[in-house]
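Asker: Starting off with a structure, shown below.
The values are calculated or read from the model by the stated rules, or taken from the named source; none is laboratory data. Not measured: the values here are computed from a predicted model. When we count neighbours, we look across all protein chains shown, and the Cβ atoms used for this are built from the backbone with ideal geometry, even at glycine.
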Amino acid sequence: MAKVNRKASRAVFQLKITLKHIEPAIWRRLLVPADIPLGKLHPVLNEAMGWSDSHLHSFTIGDRTFGDPRANVEFGLGFER
């Protein structure tokens, strides 16, 4: 029986990250595991964009928004935890 390399068969998403309201456009294309948790995606984005994690952020998936709980207080946003 042949062994299956599970790591090699993991699904990968290609993401294109584009900053809004900036000309010319600033963007990055990333390959990430399909099952990456948002908590691990955040530092990947910071590294790819050259950021130092010094701004509030959020992720929107469908009609749900996830982000830093401090934004709830500062901006009145209804983020999930």
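Asker: Among what's in the stretch 22-51 and is surrounded by 10 or more Cβ atoms within 10 Å (Cβ to Cβ) and more than 22 Å from V12 (Cα to Cα), pick the residue that is farthest from the chain's Cα centre (by Cα).
Answerer: Here the residue is I26.
Asker: Filtering the stretch 52-68 down to residues that are touching a residue at least 12 places away in the same chain (Cβ under 8 Å) and in a strand (DSSP E or B), which residue is surrounded by the fewest Cβ atoms within 10 Å (Cβ to Cβ)? It would help to see each step written out before you state the result.
Answerer: Taking the stretch 52-68 first, the residues touching a residue at least 12 places away in the same chain (Cβ under 8 Å) are 56-59, 64-68.
Still in the list and also in a strand (DSSP E or B): 58-59, 64-67.
Numbers: S58: 14, F59: 14, R64: 10, T65: 14, F66: 15, G67: 20.
Filtering the stretch 52-68 for residues that are touching a residue at least 12 places away in the same chain (Cβ under 8 Å) and in a strand (DSSP E or B), the one surrounded by the fewest Cβ atoms within 10 Å (Cβ to Cβ) comes out as R64.
Asker: Give me a count of the residues in the stretch 8-40 that are modelled with pLDDT under 90 and among the acidic types (D, E).
Answerer: Qualifying residue count for the region: 0.
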